[in-house]
Amino acid sequence: MRSNKPHQYHDEVRPVIVDHLAFSFPLSNLTHLDKSNDQDFINLQFPEFRQPKAITPEAIERATINHKTKVMKVLAHRLDEFMEKVFKFRLSPMRGRGLHGYEDSMVILDMTGTVECGLIGIGGNQDTIFIQVNGSGCKKLFNHITPQKLHWWLSSILGVTRLSRLDLAVDDYTGNFDCQYAQMCFYEGAFRTAKQGRGPTMVPHKRISQTGELFEEATIVGSRSSTVYWRVYNKKLEQKITDPDVIWYRNEVELKKVDIDYLASPASAFAGLCDFAASIEPAEPVKFEKLKKAQGLEFFGRIAWARRQCGTALAEIIAMTEGDLGEAFGMLIPQKHRRADFELIGVPDSYQSLMNNVMESR
């Protein structure tokens, strides 16, 4: 290999890379694509259910099955459109093979149809869909969309709250953050994600020849089953780069079941994982779990206050409505605080109706 190094091996900038992405959501949430105000999605409207002329159980069942089939076709079109418009990917035909408990699956391809970028699982699992984008797919994906914009599509439009898996990586071309540095940090406790509890374990790994030639080099912290799994390895050896002037180490973390907000700010999320990560990434660290915990505690505190202040009165109102929670909360929640989705579930303004009845009675 010749010695003229490409720009990618220069250490001017060390961005945090999203190297793997996996998430799931209810298939029915594709109906929410209308909220994006994208005309292509709005054009793909769902059919209305038509009552059969003959009102018999058999006729109703046939009409229901026919309606569901039409709805599934629209959902399939919406999925294709979403993957092409947002991800710039194409989908293969069904493989006739399951994936992670799903009944069937498709291959995610780039727009040329020549590069495999991940997999989609569909069928079963409470009518959810599973999307998994591999390293090659992530490289193509984030060439045309920012993590922040993708976060908006997934969280605000499709209602995704957690990622099944998220891999974040930082490439180092100086050798400052190599395997030996990772081992030193491990012994100093820099990989710990909490002060309490048992810390992770480490596996130093080398593969050498009898003459001392190095073929593999890695430092592994945690395990495949861990929610946080670190791989620090010599990327130059993995890529079989022979240029003696090239240095290339990758610091990669595999995160499982993390908040969707990690995707909104990968650099801050990476820096907030532990002291080791913060030593590599200069971005302001953010610990999303702590933010969510604080928000959760505030939420539960408000519930406790409501129980103390009006729990008995609320129970009486529910009893008066014979257990109809929609009617009870319709009485309590002012119109100005209603959300659109709250209206959709049929919560009536029963309080106003009841007031009108009482005032009109003699």
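For the stretch 190-271, with all protein chains in place and a probe radius of 1.4 Å, 51% of the accessible heavy-atom surface sits on carbon or sulfur. Calculated accessible area for the stretch 182-268 comes out at 56 Å² per residue, all protein chains present (probe 1.4 Å; ligands, DNA, RNA ignored).
Ranked highest first by the average count of other Cβ atoms within 10 Å around their residues, in what order do 176-182, 263-269, 199-205 fall?
Descending packing order for the listed peptides: 263-269, 176-182, 199-205.
State whether the stretch 192-266 is rounded, prolate or oblate according to the following rule on the C-alpha gyration tensor (a ≥ b ≥ c being the square roots of its eigenvalues): a/c under 1.5 gives rounded; otherwise a/b larger than b/c gives prolate, and the remaining case gives oblate.
Numbers: a/c = 3.33, a/b = 1.74, b/c = 1.92.
Judged from the Cα gyration tensor, the stretch 192-266 comes out oblate (a/c at least 1.5, b/c at or above a/b).
Which one of I108, G118, T64 has its Cα pushed farthest toward the positive end of the charge dipole of the stretch 52-120, where Lys and Arg give +1 and Asp and Glu give -1 at the Cβ? Farthest along the dipole direction, towards plus: T64.
Only four residue types carry charge here, +1 at the Cβ of Lys and Arg and -1 at the Cβ of Asp and Glu. Report the dipole size of the stretch 88-198 about the Cα centre in Debye, rounded to the nearest 20. Display every interim value, and only then the final one.
Values: 12 positive and 10 negative charges, 50 e Å.
In debye, rounded to 20, the stretch 88-198 gives about 240.
Amide H contacts of D19 (H built 1.01 Å from N, in plane; Pro and chain starts excluded): D167, L168, A169 sit under 5 Å, all sequence-distant by 5 or more or on other chains.
Size of the stretch 11-106 from its Cα atoms: along the principal axes, largest to smallest, the extents are 73, 34, 19 Å. Residue order by solvent-accessible surface for S155, S105, S136 is S136, S155, S105, largest first, with ligands and nucleic acids left out and a 1.4 Å probe.
Listed values for the stretch 313-320 are Karplus-derived 3J(HN,Hα) couplings in whole Hz (6.51 cos²θ - 1.76 cosθ + 1.60, θ = phi - 60°), namely 5, 5, 4, 5, 5, 5, 5, 5, and x replaces Gly and Pro.
Report the trypsin sites (Lys or Arg not before Pro) located in the stretch 9-60 that are in a DSSP loop and have at most 11 other Cβ atoms inside 10 Å of their Cβ, or state none. Write out the running numbers ahead of the final one.
Details: sites: K35, R50, K53; in loops: R50, K53.
For trypsin sites (Lys or Arg not before Pro) across the stretch 9-60 that sit outside H, G, I, E and B with at most 11 neighbouring Cβ atoms in 10 Å, the list reads R50, K53.
Taking amide hydrogens as placed 1.01 Å from N in the peptide plane, the amide H of G272 sits under 5 Å from those of V286, each at least 5 positions away in sequence or on another chain. Each of S164, V133, A182 was scored by the projection of its Cα onto the charge dipole of the stretch 130-247, and the greatest displacement toward the positive side belongs to S164; charges sit on the C-beta of Lys, Arg, Asp and Glu. Atom-type composition of the exposed protein surface of the stretch 1-141 places 51 percent of the accessible area on carbon and sulfur (1.4 angstrom probe).
The values are calculated or read from the model by the stated rules, or taken from the named source; none is laboratory data. Quick caveat: nothing in here was measured; it's all calculated off a predicted structure. In this analysis, Cβ positions are derived from the backbone assuming ideal geometry, glycine residues included, and neighbour counts consider all displayed protein chains. Only protein heavy atoms, including side chains, enter the accessible area calculation; ligands, DNA and RNA are left aside. Shrake-Rupley method; radii C 1.70, N 1.55, O 1.52, S 1.80 Å.
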